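The values are calculated or read from the model by the stated rules, or taken from the named source; none is laboratory data. Note that the coordinates shown come from a computational prediction; the quantities given were computed from them, not determined experimentally. Reconstructed Cβ throughout: ideal geometry from the backbone, glycine too, with neighbour counts over all protein chains shown.
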């Protein structure tokens, strides 16, 4: 196995743990800003501009993995190492205009930062910390993974504070975020619209009372239940489809604000790069975790020596500088150790997904990975949050995609629908998946179909007939 420092296994002080968790949550660019700010404000902290292996401390002549540490791993384990950020040279699509060499690519705005910017004037410091925890714990759809009571207990805050922050988050863009599911997300979005419109009132009624039937496009049944004409139901259903989004988290990733926006080949620097071994194409994958700065941090030895010669008035102040610098160095090492161990495990388990595509993503949870590498689940959530990863085929995706258990199933549903001779119902698609060993409920098929913008069987049938296809 690739050798890492086992410092992460030692008991951590409260200050150490708090700062490590704070650093772990940051993207590469945010971490760089934090490191540079600490260097400028603490004279006891020093940046040594030479490349050394973070594991064995050997000096390295150039970028790349440490030869000694790379040998000490299993043959097919990935080679995981820290790399200076400026070593990344993205390959641009021929359709993308090359940026001037002196122009730095803009950092992609992550969902947490985007939401916090909107809430800046409404959040107290305690609320902000809670909001960061909530936003970093959302699933790919933008929904809560734990109920408010569990969040309150985990964060040691009151239930009412959690409810208040959740409401604030759900009211900003993308609206409906941090709710319990698609139904609640739609209702949260309606809450932001004036209810003096009859279509909005009808839309709320349909979502509250006939959400399942709406997903199935059972217009006649809804009309009968509400004692109105089918045309009115269709009008409300069209409004819901065109103006509301049941999966607000995915709305962000596809809005142009997320790392890839509308163009999957957008030029920006990821936090992690996976590539083939240049010296052995069939060998282990190479994983570069970009470091915040070129070089390594340490407590300035000259500053430590000078402390012994200072007067009493300066001793306390200088001691605090040294203590702060030492803590920052240790916390940054802890972050790096966690990221290396996480990527080592992810790449080992998901090599088929990395090399072959979405269909091969294996179901995996943060809790299971946390258990395997010996950390708390919240540590994995922070390590994954706000990070993007470049795959060997050039795609740049959020690191959280590795935990999207729906991805391979959605890809298979798309293939089933694409090859169908007659439109298949959600029940029929669920039966096909079951025969392949994939157990999903009909309502889950309907959800995944909706995410992929695939119409229900009835409407696919109509569209096929309208287009002159054989149905």
Practice item. Return a yes/no flag: does region 192-205 have any residue that is within 30 Å of residue 457 (Cβ to Cβ) and touching a strand residue (DSSP E or B) at 6+ places or on another chain (Cβ under 8 Å). Key: no
Check your understanding: Which pairs have Cβ atoms under 7 Å, sit 6 or more apart or on different chains, and link a residue in region 450-467 that is at pLDDT below 80 to one that is exposed (fewer than 13 other Cβ atoms within 10 Å of the Cβ)?
Key -> none
Point to revise | Selected residue [over 20 Å from residue 41 (Cβ atoms), in contact with a helix residue (DSSP H, G or I) (Cβ under 8 Å, 6 or more places away or on another chain), touching a residue at least 60 places away in the same chain (Cβ under 8 Å) and buried (at least 16 other Cβ atoms within 10 Å of the Cβ)] from 322, 272 | key: 272
Check your understanding: Among the candidates 424, 433, which residue alone is in a loop (DSSP other than H, G, I, E, B) and either touching a helix residue (DSSP H, G or I) at 6+ places or on another chain (Cβ under 6 Å) or surrounded by 16 or more Cβ atoms within 10 Å (Cβ to Cβ) (or both)?
Key -> 424
Revision key, fill the gap. Those residues of region 149-184 that are touching a helix residue (DSSP H, G or I) at 6+ places or on another chain (Cβ under 8 Å) and either farther than 19 Å from residue 115 by Cα or surrounded by 21 or more Cβ atoms within 10 Å (Cβ to Cβ) (or both) come to a total of 21
Check your understanding: Looking at residue 127, is it closer than 21 Å to residue 183 by Cβ, more than 16 Å from the chain's Cα centre (by Cα), surrounded by fewer than 18 Cβ atoms within 10 Å (Cβ to Cβ) and modelled with pLDDT of 85 or more?
Key -> no
Point to revise | All positions within region 398-420 that are assigned to a loop (DSSP other than H, G, I, E, B), surrounded by fewer than 17 Cβ atoms within 10 Å (Cβ to Cβ) and in contact with a helix residue (DSSP H, G or I) (Cβ under 9 Å, 6 or more places away or on another chain) | key: 420
Check your understanding: Do we find a residue being more than 25 Å from the chain's Cα centre (by Cα), farther than 30 Å from residue 117 by Cα and surrounded by 14 or more Cβ atoms within 10 Å (Cβ to Cβ) anywhere in region 237-244?
Key -> yes
Study note, to complete from the structure: Checked region 331-355 for anything surrounded by 19 or more Cβ atoms within 10 Å (Cβ to Cβ) and either modelled with pLDDT under 90 or farther than 21 Å from residue 407 by Cα (or both); matches are 331, 332, 334, 335, 336, 337, 338, 339, 340, 341, 344
Exercise for review: Provide a single number: the residues in region 356-397 that are touching a residue at least 60 places away in the same chain (Cβ under 8 Å) and part of a helix (DSSP H, G or I).
Suggested key: 5
Review point. Quick one: would you say residue 440 is part of a loop (DSSP other than H, G, I, E, B), touching a helix residue (DSSP H, G or I) at 6+ places or on another chain (Cβ under 9 Å) and either modelled with pLDDT under 85 or surrounded by 14 or more Cβ atoms within 10 Å (Cβ to Cβ) (or both)?
Key: yes
Exercise for review: Name, by its number, the condition in (1) modelled with pLDDT of 85 or more; (2) in a helix (DSSP H, G or I); (3) surrounded by fewer than 16 Cβ atoms within 10 Å (Cβ to Cβ) that does not hold for residue 305.
Suggested key: (1)
Exercise for review: Using the structure shown, decide if residue 121 is at pLDDT below 85 and buried (at least 17 other Cβ atoms within 10 Å of the Cβ).
Suggested key: no
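Among the residues of region 153-167, count how many are more than 13 Å from residue 132 (Cα to Cα) and part of a helix (DSSP H, G or I).
Within region 153-167, the first condition is being more than 13 Å from residue 132 (Cα to Cα), and the residues that meet it are 153-154, 156-161, 163-164, 167.
Going one step further and asking which of them are part of a helix (DSSP H, G or I), we end up with 153-154, 159-161, 163-164, 167.
Final tally of qualifying residues: 8.
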